Amino acid sequence: MKKFIFAVLVIAGFSLAQNANAQVRININIGNQPAWGPVGYDYARYYYLPEYNAYYDVMGEQFIYPNRRGWAYGRSLPSSYGRVNLYNTYKVVVNRNYEPYRDNRSDIRDYSRYRNSHNQVVIRDSREYKYYESKYHPKHKEWNNGHNNNGRDRDRDYVRRGRR
């Protein structure tokens, strides 16, 4: 009986340790964000584009937009949207673990005031060093050269000390 209780406690402790570990995990995907994404976020799963009532899936690198039968996925928005300037249109970061369009009605209601707002700073125009990690940032090569084989960021140390 003592062995059984001990085994149950060990399993329960192992289970709790796994749950605690999962809660501490932090998601950062700056390197995956497109250059037209807004600054100020270390993680973005989806962007909602109020001007077009469409979403962009950062991880899947595709747009999600309404069509006649529901929602469609594509690498670009269809020509019916006209000329889309993603650097100029407003983006709302949406971090959901499910399809973002499930809450489309509330997104339209909450973010329609940004439909004609064109004053958002995008990653491409940011001078923050952390955004250089994005492969689409103009200074990405500079950031990439600053990483040695050990994964340390020697270039960032020079920037912090003002030696650059």
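When the stretch 95-129 is filtered for residues that are outside any loop (DSSP other than H, G, I, E, B), among the β-branched types (Val, Ile, Thr) and surrounded by fewer than 17 Cβ atoms within 10 Å (Cβ to Cβ), only Ile108 remains. Could you pull out the residue among Tyr41, Tyr90 that is crowded, with 18+ Cβ neighbours inside 10 Å and either modelled with pLDDT of 90 or more or under 17 Å from Val122 (Cα atoms) (or both)? Criteria check complete, one pass: Tyr90.
When residues of the stretch 44-60 are filtered for being surrounded by fewer than 19 Cβ atoms within 10 Å (Cβ to Cβ) and under 18 Å from Arg115 (Cβ atoms), how many remain? Selection size over the stretch 44-60: 2.
The values are calculated or read from the model by the stated rules, or taken from the named source; none is laboratory data. Nothing here was measured: the structure is a model prediction, and the numbers come from that model. Heads up, the Cβs are rebuilt from the backbone with ideal geometry, glycines too, and the neighbour counts pull from every protein chain shown.
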